[in-house]
Structure formats: structure tokens, C-alpha cells
Amino acid sequence: MTAPVRRAGVFAVLCTLSLAVPLFGPRVGAALAGVVLLGAYVVTDGPVFDLLAYPGDYEDSRLYGLITFVLAGVALGLMATAASMPVAVFVGTILLVGYGNFGEQLLRLRTDDSVVRVAGFCLAAMAAAVVGQVLTHSLVGNAIASVLPTLVFLAASGALLAALLRDVLLRSDDPIVVLSVGLLLWLLAELEPATGAAEVGLALAITVGFGYASYALETASVAGMLTGVLLGLLTIVLGGYSWFVVLLSFFAIGGLSTKFRYDRKQALGVAEDNNGARGSGNVLGNAAVALVAVLGYAASDAGLLPREPELFLFAFAGSIATAMSDTLSSEIGSVFDQPRLITTLEPVDPGTDGGVTWQGELVGIAGASVVAVIAYGLFPEVGLVGAAIIATAGVVGMTVDSLLGATLEGSLLGNQGVNFLATLSGALACAILVLSVTMLG
């Protein structure tokens, strides 16, 4: 057994101590955390140090990896005892990270396939989180059957987020993973999603299937695949399958558009890296606003926000229409000659930020219209006027993207920041136009 596997196994055992909180109360849990912290500070060499040390710990002869991990757990525990975070979320999060890491390290002994290792992490993490939450509910006397689907949903969401963060961060950044996963699960638990076991299982099967297909078709990297699966799962459970179809339309059409005349794009120097496979940054830059809209819809539907849920539906559609419009405009319009800078209409080289072609503008309008038509067909509350508003918002967002590219990209903003602000402008434009029409009506 290698050193990383042994270390992961010991960390998993230490994570199990989080069960002391529901078993014996927060004081005992805090005392155990204090003992572990003291031991981590005192041990500076020897076999125990070698067992627990990350490679970077040897430089200072201090178990900083363990210390920061325990401190992150303590911070999460304070939220569970002093705030409204459910204790089950605290326990599930700690076990999720610890045992997910252990499962992944075991698979590393057998395979170098990154997808298999990620799947191993997610399965081990999800199983540990479900067991931890079930034990916690049992220890405090809560019924399990009625909340089990929600616990599975929380565990799956946390496992996907943890796997994503571990893919884009360093292995020693598990404290960041612990806090991020804990906060996400706390938010999702507050929304109290009403879902059954069959619905959660079907949602997982669908999102994982589409996610792996995107990876196999080389339209998404591993991180992009994880991001897409997480976004899809949250969208289905908190919004519904109609919301997911709108989201999927962007990922499918937008992903395929990156392959459109890819050799020509390479020759012009405007092709996406990694053979067009989109990473987590690209996915989040285009879909982060849509995710916030889904969360806002769920919070509004649960009575946590004073706005009507339908307003968040239009914000969601407006952001996706923008992402679709901008992606198609860039990916298809970039293969044509003589782009012009949107601010001055002067000819510029292909790939210049803010450069547009009339072909790209037309296909961008078509992309926004596709999202509008899909929304019109799936949501009775959209209607013809709503569909027109969604298409208009998409074009507005596409235009904002080009303007930001011509003025701020490269100096103050990166590509993902521009995408985020553009989709935000599309969402806001859609929501404002809907409110204006409602007031006039």
C-alpha cells in the first residue's frame, strides 16, 4: 500500500470522528478536534509524521495539511452548532471528502484512467455522505424513509462539487473543498427540495449519461463534464426536466458548434484549446447565472424570496439564450473573413476580441431564437410575448459580450468574466422586460 493510500485511509478514519457530534454533543466533538490539532502540531517527524504528511509538509516539518483540514472541519462544526446548518450536513460533508479521497487513492493503484478515478471518488464520497447523514438522523431520532431521497440528492451534489474542485485545485486544498461542499449542501438543505427516490435516481442517470457523452465526444474535459453533470442535476431537481432541456440545448448545440470547421479555426488561430473540449471555467462562465436563477426559483418557490418564481424562469432562459447566441456567433462566425470591431466597424484580424461578422450576428440571432422556441414549447407561462422577450434578451447579451470584448477583455476581464457578465446582462434584460410588460399589462 502506497503512502498516499495510507494517508487517505487515516484521514478517512479521522473524518469518522465527526460522528461524535450527534453521538455525544458538540463539546465532545470539539475536544476530539482539539486533541487531533494538538497532535498534528506536536508531531514533527518520525513514522506518524511520514504517515500523515503531504509532500509540502516536509519543508516546514509541520502537518499543515492535517491542521488546515481539521480547522475547516471545526469551522463547519461551528456553523452546525451556532447557526442553522443541519448536523447531518456537517457529518455528511466531512465523511464525503475523507472517504471519497480514500476511494480515489485505492483506484489509483489499479488505473490511470482519469474518468474511472473520478467515478470512484464520487461513488465512495456519495456512499459515505449518505451513510453519515442516515446515522446522524437515526441518532437524533428522525425518520429516515421520508428524507432519504433528499439525503441522496445532497450526497450526489456534494460528491460532484468535491470531485470538480479536486480536479481544478491542488490535492492539499481539501479544506477549501470541505467548506465549499458544506456551504452548498447547507443551501440545498434549506431549499427542502421535494423529490422521491425514483426522481433522484433518474436525474442522476440522465445527467451522468449526458455528461459522459460530452466527454466521449470531446466536447468537454473531465472538469467540464463534472460541472455539466452538477449543473444538470441541480437544474432537474430544483427546476424540472423542462429547465434541463433548455440547458441541454445549449450544451449540445454549443458543444457541437466548436467542432464546426475546426481545421479552419485552427488555421486562423481562433480554435478552442484541447480539441474544442470545454473546461469547467468555460461551462461556469456560460451557465453560472443560469444556476443562480435555478436556485432563485427554488428559493422563491419555497417562500424564501419575495419574488414570483416565474421571474427566475425568464432570467434563466435569458441567460441561456445569451450563451447560445454568443457561442454560435463566435464559433460559426469566426470562420468567415473580414470581421469588424463592433465599436468602430473597422476591419480587424480573425479572433480579435470584439470582432464580429454579419454571418456570426445572424447565426447568433438564430441561436437565441432556438432557445426562445424551446422555452415557448415547454413552459405555458412563456407565451408568444415571452418567447420574443427571451430572444431579444439573448441578442442583447450577445451584443454586450462583443462590446465587453472590444473594450475590457484582456485588460480588466478574461474570457470567462466576459461570458459571465454577458449572460448576466441577458438574464437581467429578460427579467426587466418581463416586469415592464407585466406593469404595462
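Structure data summary
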| quantity | calculated |
| --- | --- |
| Of all accessible heavy-atom area on the chain, the percent that carbon and sulfur account for (1.4 Å) | 66 percent |
| Cα→Cβ-extended label distance, 7 Å offset, between Val168 and Leu305, nm | 2.1 nm |
| Cα-based equivalent ellipsoid, the stretch 1-113: semi-axes from gyration tensor eigenvalues, Å | 25, 18, 11 |
| Farthest toward positive dipole pole in the chain [+1 Lys/Arg, -1 Asp/Glu at C-beta], among Ala159, Ser425, Tyr241 | Ala159 |
| The stretch 5-154, dipole about Cα centre (Lys/Arg Cβ +1, Asp/Glu Cβ -1), debye to the nearest 20 | 360 debye |
| Net dipole in debye of the stretch 48-133 [+1 Lys, Arg Cβ; -1 Asp, Glu Cβ; about Cα centre; nearest 20] | 280 debye |
| Test item: Cα-centred dipole of the chain, Lys/Arg +1 and Asp/Glu -1 on Cβ, debye | 800 debye |
| Heavy-atom accessible area order for Tyr241, Tyr54, largest first, 1.4 Å probe | Tyr241, Tyr54 |
| Solvent exposure ordering (accessible area, 1.4 Å, most first) of Leu123, Leu362, Leu231 | Leu123, Leu362, Leu231 |
| Charge dipole of the chain about the Cα centre (unit charges at C-beta), most positive-ward option of Gly65, Thr357, Val28 | Val28 |
| Calculated SAXS-style log₁₀ I(q)/I(0) at q = 0.11, 0.15, 0.24 Å⁻¹ - the stretch 301-401, Debye, Cα scatterers | -0.38, -0.61, -1.10 |
| Read-out semi-axes √(5λ) of the Cα gyration tensor in Å, derived from the coordinates shown; its label in (i) 42, 27, 18; (ii) 33, 26, 21; (iii) 36, 25, 20 | (i) |
| Accessible area (Å², per residue) of the chain, counting only protein heavy atoms and a probe of 1.4 Å | 44 Å² |
| Net +/- balance of residues flanking Leu311 in space, Cβ distance below 15 Å, scoring K and R +1, D and E -1 | -3 |
| With DNA, RNA and ligands ignored, accessible area of Tyr58 (1.4 Å probe; Å², nearest 10) | 110 Å² |
| Pairwise centroid distance, computed over Cα atoms, of the stretch 92-167 with the stretch 320-355, Å | 43 Å |
| In Å², nearest 10: area of Trp186 left accessible to a 1.4 Å probe | 50 Å² |
| Debye intensity ratio I(q)/I(0), log10, the stretch 74-202, q values 0.10 Å⁻¹ (C-alpha model) | -0.30 |
| Surface accessible to a 1.4 Å probe, Ile94 within the full protein complex, Å² | 10 Å² |
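The values are calculated or read from the model by the stated rules, or taken from the named source; none is laboratory data. Note that the structure is predicted; figures quoted are calculated from it, not measured. For neighbour counting, all protein chains shown are included, and Cβ atoms are generated from backbone atoms with ideal geometry for every residue, glycine included. We work out accessible area using only protein heavy atoms, side chains counted, and drop any ligands, DNA or RNA first. Shrake-Rupley method; radii C 1.70, N 1.55, O 1.52, S 1.80 Å.
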